[in-house]
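These notes concern the structure reproduced below.
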Amino acid sequence: MDNPSKKNIEVSMRILSKNDEEAIKLRQFYQNNDLFVVNLMSSPGSGKTTLLENIAKNHLLDFSVIEGDLQTNRDAERLAKYGVNAYQITTGEACHLEALMVKDALEKLNQQGDLKNFLFIENVGNLVCPASYDLGANMNIVLLSTSEGDDKVLKYPTIFLCADAVVISKSDLIEVFEFQISRVKEDLAKLKKEIPLFLISKNNLDSMKEFCNFLKLNKEKNYVSSHTF
């Protein structure tokens, strides 16, 4: 009798292998076009779009965006108000973006306007599925909002293992939610992740400048994530 578990593993490997092939092509495209690509991952409502809005509003980086959501074009429309070349991928029931989706979106972005040297891919809000799909990004960054609690690193280790940096968003509410930064650091250490940690608030321009300077520095260094999905 066939083993159903074995079949499921084989099917999953075939799907991910196809995604990995497309991610390799994307990585080469980014390099050829001098694009520094950041894959932003988090749960819904962590503040990914708000962060990008404030970067655009304060002219901290010149960037393009690929937005991923189950439904609606609202996030792309929010960024377009600030002159950002943004394209929305509506995934329907898919809880993550895949490399082929990004490839198609890049073609649409090119049609809409010039691609900037920084490209943010705002992944679908989810702390599980995006951790399994390589998008060829230079950096994979995970946002964790203070309102979510400080216990998420070990609850969702796979996505934090992907991270080249972690951003704690809504940091002005740390005391309100009794969020312990020390716990996040300790839990990252348990995962053996020695990575930069940023505290970001839309009410603190310096915090966003520090984050953007970090991205600029890594672009200059031609940083490419070593994480294998």
- Task: Pairs only if they're at least six apart or on different chains, beta carbon under 9 angstrom, first in segment 35-64 and within 13 Å of ASN203 (Cα to Cα) and in contact (Cβ under 8 Å) with a residue 60 or more places away in the chain, second among the small types (Gly, Ala, Ser) and buried (at least 18 other Cβ atoms within 10 Å of the Cβ); list them, first residue then second.
- Result: GLY47/SER145; GLY47/SER169; THR50/SER169; LEU51/SER169
- helices (runs of 4 or more DSSP H) fully within segment 157-224 counting 3 or more residues that are under 16 Å from the mean Cα position of the chain (by Cα), within 30 Å of ASP34 (Cα to Cα) and acidic (Asp, Glu): none
- Task: Check segment 168-181 and report whether any residue there is farther than 24 Å from LEU97 by Cβ, among the hydrophobic types (A, V, I, L, M, F, W, C) and crowded, with 20+ Cβ neighbours inside 10 Å.
- Result: yes
- Task: Those residues that are touching a residue at least 24 places away in the same chain (Cβ under 8 Å) and farther than 18 Å from PHE29 by Cβ, I need them from segment 213-227; list them, please.
- Result: PHE214, LEU215, LYS216, ASN218, HIS227
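Each row is one residue, and each column tells you yes or no for (1) assigned to a strand (DSSP E or B); (2) in contact (Cβ under 8 Å) with a residue 24 or more places away in the chain.
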site: GLU93; (1), (2): no, no
site: ALA105; (1), (2): no, yes
site: GLY125; (1), (2): no, yes
site: ASP134; (1), (2): no, yes
site: ILE141; (1), (2): yes, yes
- Task: May I ask you to list pairs of residues, at least six apart or on different chains, whose Cβ atoms are under 6 Å apart, with the first in segment 197-212 being touching a residue at least 12 places away in the same chain (Cβ under 8 Å) and of a type outside the set (A, V, I, L, M) and the second being open to solvent by less than 10 Å² (accessible area, probe 1.4 Å) and part of a strand (DSSP E or B)?
- Result: PHE198/VAL167; SER207/SER201
- Task: Filter segment 59-89 for residues that are open to solvent by 60 Å² or more (accessible area, probe 1.4 Å) and assigned to a loop (DSSP other than H, G, I, E, B) and give the result.
- Result: HIS59, ASP62, LEU70, GLN71, THR72, ASN73, LYS81, TYR82, GLY83
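The values are calculated or read from the model by the stated rules, or taken from the named source; none is laboratory data. What you are looking at is a predicted structure, and each value in this text was computed from that prediction instead of being measured. A quick note on method: Cβ atoms are made from the backbone with ideal geometry, for glycine too, and the neighbour counts reach across all protein chains shown. Calculation scope for accessible area: heavy atoms of the full protein, side chains included, ligands and nucleic acids excluded. Shrake-Rupley method; radii C 1.70, N 1.55, O 1.52, S 1.80 Å.
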